[in-house]
Amino acid sequence: MEKVMTRNDLKPLIKETLTEMIRDNNKEIREIISEAIEDIALANAVKEGRKNDYVSEKRILKILDK
């Protein structure tokens, strides 16, 4: 008979796996977390930018030329 794993069965397993990964692959985990944070920040910036009025390319280039 096949055992079906519940959420309560998986939680300690996932926690143990993540703990081992952080301990054994510290550099890689930091890079993954850093990239995730950057992705979240970029998504938030895009979301924030969509709330404001559209700015034309001409206006941006005019400001950059100053």
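Among the candidates 3, 27, 47, the residue that is without any contact (Cβ under 8 Å) to a residue 60 or more places away in the chain and in contact with an Asp or Glu (Cβ under 9 Å, 6 or more places away or on another chain) is uniquely 3. Scanning segment 55-66 for residues that are open to solvent by 90 Å² or more (accessible area, probe 1.4 Å) and in a loop (DSSP other than H, G, I, E, B) returns a single hit, 66. Being polar (S, T, N, Q) and open to solvent by less than 100 Å² (accessible area, probe 1.4 Å) is the requirement here; does residue 8 meet it? Here the answer is no, as residue 8 does not meet what is asked. Which residues, counting only those in segment 12-54, are of a type in the set (Ser, Thr, Tyr) and surrounded by fewer than 10 Cβ atoms within 10 Å (Cβ to Cβ)? Passing the criteria: only 54.
The values are calculated or read from the model by the stated rules, or taken from the named source; none is laboratory data. Every value quoted in this text rests on a predicted model; they were computed, and no experiment measured them. Positions of Cβ are generated from backbone atoms using ideal geometry, with glycine treated the same way; all protein chains shown enter the neighbour counts. Side chains are part of the model used for accessible areas, which takes the heavy atoms of the whole protein and leaves out ligands, DNA and RNA. Shrake-Rupley method; radii C 1.70, N 1.55, O 1.52, S 1.80 Å.
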